[in-house]
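Down below is the structure, laid out as structure tokens.
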Amino acid sequence: MSLPEWRHALSASPEHRLEAALFTTYEPADPAFLVEHLLPSLLNLSREPNEATASRALYFGELALELERLRGKLLVISSGAGEEDGGGTPLSRPPSRYPWLWRYVMPFTVDGVQHAKLWLLHWSHEEGEYLDIVISSTNLSESAFRDQIQAGWRAQVKLDPRRSDTRLRTWGPLVPFLQALGTAGGENAAERTAHFLELLARAECPEGVSFVASVPSAPGRERWGARLLGDLLPEGRGPLHVWVCAPYVGSWNTNSLAAWCKAVGARPDLLKLAWIDTGHPWAAGGSGEGVWRMPRSAHTALVESGASLSRLGHARDESFSAFHASHSQADPRWSHAKFYFLRRGRERRLLVTSANFSPSAWGQGERGPRNFELGVAFDAEWPLELLPFEPYEPHLTSEPERPAPAILLWAQATWDGRRVTLQARSTQATPVLTAAVHLGPGQEPLELGLEYQEDEAGRLQCRGVVRWSEPHPTPVLVRLSQGEAILEVPVLDLRPPEEFARTPLPEVDPKLSEEIRDALLLESYGGPTAEPGRWAGVREEGSGAFASGASPSDYTVPAFAQARAWFEVIDNWQKRWNAQAGHGDEQERTRLKLDGTRLAALFSRKAEQEVLEQRVPARLAAEELRWRLKEMSRES
Amino acid sequence: MRAEGLPLDGRTWRFLQNPDAYCEASGWRLAREPTRRQFATAAEILHRLSRGNGNPVRGVLLADDVGLGKTTVAALVAWVVAGNCGNVRVLAPNSVMQRRWAEELEAHLEPLARRSNFGLDSSRLKAGKVDRLHPGRVQVSTHQRLVGGQVNPSCDLLIIDEAHRAKGEACAFNRVLQEQGSLARAMLILTATPFSISLGEFRQLLGFIGADEAIGAVQAHAQLLDDLHRDRAGRDVIALGEKLAGTARAAIEKLSPYVIRHGVDDLPAERRHFGEVALQPWEIPVEPASEGELELLLRTDRLLRLTRRTGGERTNDPRFHVGWEHLCSEIEATEERLANAEQEAIAKRSHDAAKKQLGLCIQRPHPKMAAVARAISSRVDAHEKVLVFCHHRATALELLHQLSQELRIKPRDPSGLGERKWREIWSGLLRVPSDEGPAHSRWPSDVEQLREVFLDWLCSSGVRAQVTRWLPRVPRDAPALTELLRTTRVRHRPEDGVPTIAQAANALFESLVDSRSTSTLQLLRSISAGARFPGAMNDGDRTLGAWQPNEGTVHPLNLHTGQPDIVISLFNSPFGPDVLVTTDRLSEGIDLHRCCRLLVHYELDPSPVRTLQRNGRIRRVGSWASLTRQPIEYAYPRFDGTRDARAVEIMKVRLECFDLLLGGVPKVDVEEELDSRQSDVSRVLAVAQSQLKSANRKLTVR
């Protein structure tokens, strides 16, 4: 049996058009994964990244145009400068292959650990609008799809044209979770996540579904994490059994474990952990201690508390499936899935979540969680077959080295087309914090002059501004340095659409950028398919069928065919304008106007051609488009 | 079902083996070459229908090319059947053709009386009668009368002329034939285009003649042709071409007992009798569409799309490409739809811009019309008559107007003899009713009065000016003019067969006052009461139009809207308007070849059948081309840069393929946009061509 094709998990329906998306991930999203896999799939691009220069240029052009349409509506929220518990690996930012991606997709970081894996995908369809809610254990990286087994839940709900608070409330903890996440991401993030809350307010939560979220919070103030887990099943009717399967077990001790059990409402002796023995393939790899990790101290605490461990089978167990029924022995992927099963009497819930079994993820009693986590619970059976551990030994690891607390906690840089503005947060005032704006390879960085201020918690808040109004090159990232500590943040491009549209297409020879943009713009409105070498999509074979000796059986009159093709582009453009009219989406309106203006200019250029059959249709198309633009301006 | 066959005595058509003697008996009115073939064909048909051959067929389909004399063949067959005490019904497509049939049948009475023992006389011919049909009689009626239930198809032999009109299952004529056709014991079906647009339709004609055994093979070929025009990727062009030739051969094999077909190209010995077609078509250079004209066409297309009611209306009407009038009216008509357009403001701007552009363009005549008018003018100046076909009445009207302006003859008489003198001379030259002559019996009682009407016209200033141009010198006095009219051949032609002016005038007069042409007689009588003579050239107008205009349309004086008989007579004479503009109303079964060898397809019907039918109007036995030994010239002017040019190009390809593929060329609406699939089809046809050419010859009589 062949291994499952990991890209299938990314597929989208071709009838649906993406209107907005929010992704949360622990690690900063991998731009290569987004550019080469996730985005082309979700955007239903017609091309694939190809090595041939011309095709490659078209691919990136098509991608950029679609991203331009969705500019400000695609968000990625990841961790800031914190650490993931259990993994113990400080966040690192390898040099990005596609730094321009963040012009289009808005990357936000939160001050703390963002460990939830939530996707909210807003689709339009001829029958209405839909929202996909995906909650899983999957980060935004190729490795997460290709090398790991994940657990996930996906639901699609149809959106009502109108919002209601009653509907919004049906989503339970998901709503405050999103609000908290937005707030933690800063002003711009809060504004944009609010859009997704509005989408939730247009649909009811599917029946039988509950959300369990964790938000970094002060002790005892709110019900997050373990407390929410305990709310899943009603009290009474017997004791609560809790089964856990997660690849990372945190640094529990008997106290913290007892506090967790209390918060959940379960007895420690009814807690069962699915784990691997020392011979399991997942006990190898990683940094030498395996990709699944449980500190010996946590194991001791579990045993002492009366919790039990059961074993996951593997190759040695012959006919036993590796992880679950559809996972073959030969599959080299390891499980990154995290799920919890709760049973009380006949009631049961399966929780699919981002949360490892750790105090940071769940909190411990009065102490709230340290991470943002999100899970979804529904009625389902425990999915794994477990074996007794004897005579094997559980795979255990050393105590994780706690990295030095991060100095640079959070930063966000924005560019409005005039100036780059930085906001940053540090734990300490010294050594001096400096910041520079990077404009891309071969460009001198721009130093940011910073102003500092200490907040109530004794942290250093700083702000800096530097002027930059050139459309090219654009500011890519800001690098902050404070002693040994370094933090790089992408620059959020907040230029108005008119200015943004002047940005050359990424990964495309700047000399061809405008032509390719025109060709793809025409294509996007139903014009001819842009082909390598025929950017403008115009017949290039002489003066038409008669002069060029085209087939005498072909009735097409070149000038008519061309004129109708251009007018069809105009009609499609008008249709989109009419479609957006009811939504009051100012950004979309502006973009469509810009498209119209650009198309009119393109037609005008074509109207300067020598060939009559091309010149006249283009001239008439340009004229009509200008009429329409004028009419729109008059109406608005 | 096995056919019963007609009880014919084989000896009664032996005369068909000796066409020369028959030609002689006709006073060599009939030429030897076509007559031989026509006789052989008639004998073959009689043989196939005859019970005596042991394996008779129920019917025969005679599918000779236009102009080869199918009527003559059928008339001979009809008389032989009648001579064997059979009764025969002929169904002509219309009353004009009914008259022509009567003439044809009557023309054979005298020679047949000499060459056979039938004892035939004119009492055996019942033209236009619908009463009981007695044995030994031939009755001529029309399709319409059969449909109307006035004619009972019961007879020994039913001859259906222009039978392609019975194609199409929904057609009423077809329905009646389906229901009542079996009442005829045998059938002879005449059509030049039996395999026209769809081979599927041909199946119905085969059903009428009992050729059911051939239907399967024809259907197989039809299916393959149909598939040929369907979308299919990666087909093997050569294999498909050969397969097509194979199915065609199989179909022809099965058809051969029932179908007889001669193409003009199969008969080299006869060509001179109906005229050779010029090797090169008559080229009429038309300026390609200018930027302004193209802009107008594109603006109109867009405007109509912005204002159409249902979304399905045509916006690129073929008429837009060949004249201004239809464009004007369509742009005008959008005005009331502007308010309902999705974007009223845009539609209004589009309308205003189109109207403005139209105003600029119509300041000069339509380029194609202007070019065609110039070209025709030069040919008319060289003493030719020109026939012009349009597909639409609106275009024909506009073209007629344009030609009328371009083609003016100065109605002056350089001899200075005056109308009175001319009248005296013509009165002396024109046969008087008391004269003996073959046509005498067909003259109406008021022929004297009608003669005055004709003389008025003949001596009108326009006709006098026309005739004067044919004279070799200006006559000094009346005797000189008389002599010149008596001895000068018409239209500057020196050839022996060409009539003199006086002969031609007498022939025209006879034709006009033929008592069978009721519509012409009626018209002449109304002229004597003050109505206008069609084709009066008093104002120097050398053009005449003939079609039925749309109701409520104002039509010019030079458009004849009544029965076309008088127009046909005039155009077949050297006198009167030099240019006849008409629609496809006159494209079938009408002779227009007696004095014309030039034809302009101003607009094309998408069907190649129609084009062939039109061409056949001037390529017939005894044509002006054969008489004057000049080539027949067809012009397909095209307005480059527009759909009109594409229609011409495509027609060219279709005409090349038509005969080779049993006419299996799909009908294409000129509004339809085709793609490159068609070139693939052309390649398949090219492969099949050579094999199909020889296969079709199996249907000839040898």
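The values are calculated or read from the model by the stated rules, or taken from the named source; none is laboratory data. Just so you know, these numbers come straight off a predicted model, no measurement behind them. Reconstructed Cβ throughout: ideal geometry from the backbone, glycine too, with neighbour counts over all protein chains shown. When the accessible area is computed, the model is the full protein with side chains, heavy atoms only, and any ligands, DNA or RNA have been set aside. Shrake-Rupley method; radii C 1.70, N 1.55, O 1.52, S 1.80 Å.
Some observations on this one:
- Here B:Arg319 passes the criteria (1) closer than 17 Å to B:Asp644 by Cα; (2) assigned to a helix (DSSP H, G or I); (3) within 14 Å of chain A (Cβ to nearest Cβ) except the one numbered (3).
- Screening B:Glu325 against (1) open to solvent by 30 Å² or more (accessible area, probe 1.4 Å); (2) within 14 Å of another protein chain (Cβ to nearest Cβ); (3) not small (Gly, Ala, Ser) leaves a single unmet condition, (2).
- Condition met for A:His280 (more than 26 Å from A:Arg163 (Cα to Cα), open to solvent by less than 40 Å² (accessible area, probe 1.4 Å) and not hydrophobic (A, V, I, L, M, F, W, C)): yes
- Beta carbons closer than 8 Å, at least 6 apart along the sequence or on distinct chains, pair a first residue in the range B:635-653 that is more than 8 Å from chain A (Cβ to nearest Cβ) with a second that is part of a helix (DSSP H, G or I) and among the acidic types (Asp, Glu) for B:Arg638/B:Asp644; B:Arg638/B:Glu649.
- Each residue in the range A:190-215 was checked for being of a type outside the set (Asp, Glu), in a loop (DSSP other than H, G, I, E, B) and modelled with pLDDT of 95 or more, and 6 pass.
Rundown of residues vs (1) more than 14 Å from chain A (Cβ to nearest Cβ); (2) buried (at least 21 other Cβ atoms within 10 Å of the Cβ); (3) touching a residue at least 60 places away in the same chain (Cβ under 8 Å), yes/no style:
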| site | (1), (2), (3) |
| --- | --- |
| B:Leu228 | no, yes, yes |
| B:Glu242 | yes, no, yes |
| B:Ala251 | yes, yes, yes |
| B:Gly263 | yes, no, yes |
| B:Val286 | no, yes, yes |
| B:Arg299 | no, yes, no |
| B:Thr310 | yes, no, no |
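- Selected residue (criterion: least open to solvent (accessible area, probe 1.4 Å)) from residues of the range A:140-172 that are under 20 Å from A:His327 (Cβ atoms) and polar (S, T, N, Q): A:Gln148
- Annotation note: of B:Val90, B:Val147, B:Val96, the sole residue that is out of contact with any Ser or Thr (no Cβ under 8 Å at 6 or more places or on another chain) and open to solvent by less than 30 Å² (accessible area, probe 1.4 Å) is B:Val96.
- Whichever residue in the range B:444-474 is polar (S, T, N, Q) and in a helix (DSSP H, G or I) and, among such residues, is most open to solvent (accessible area, probe 1.4 Å): B:Gln449
- Whichever residue in the range B:34-58 is open to solvent by 50 Å² or more (accessible area, probe 1.4 Å) and under 29 Å from the mean Cα position of the chain (by Cα) and, among such residues, is nearest to B:Leu158 (Cα to Cα): B:Glu44
- So B:Arg305, is it within 10 Å of chain A (Cβ to nearest Cβ), within 29 Å of B:Ala339 (Cβ to Cβ) and of a type outside the set (S, T, N, Q): yes
- Filtered residues of the range B:542-569 (kept if modelled with pLDDT under 90 and small (Gly, Ala, Ser)): B:Gly552, B:Gly562
- Within the range A:596-618, tally of residues that are of a type outside the set (A, V, I, L, M), within 11 Å of another protein chain (Cβ to nearest Cβ) and farther than 16 Å from A:Gly527 by Cα: 2
- Breaking point among (1) part of a helix (DSSP H, G or I); (2) within 14 Å of chain A (Cβ to nearest Cβ); (3) open to solvent by 10 Å² or more (accessible area, probe 1.4 Å), for B:Ala354: (3)
- In the range A:415-426, the residues that are open to solvent by less than 20 Å² (accessible area, probe 1.4 Å) and in a loop (DSSP other than H, G, I, E, B): A:Gly417
- Single match in A:Leu131, A:Leu200, A:Leu121 (criterion: under 22 Å from A:Pro31 (Cβ atoms), touching a strand residue (DSSP E or B) at 6+ places or on another chain (Cβ under 9 Å), open to solvent by less than 10 Å² (accessible area, probe 1.4 Å) and touching a residue at least 60 places away in the same chain (Cβ under 8 Å)): A:Leu121
- Checked against (1) within 15 Å of B:Phe454 (Cβ to Cβ); (2) touching a residue at least 12 places away in the same chain (Cβ under 8 Å), B:Ser526 passes all but condition (2).
- Checking every residue in the range B:371-380 against the condition of being under 25 Å from B:Ile618 (Cα atoms), without any contact (Cβ under 8 Å) to a residue 24 or more places away in the chain and either in a helix (DSSP H, G or I) or more than 13 Å from chain A (Cβ to nearest Cβ) (or both) gives at least one match.
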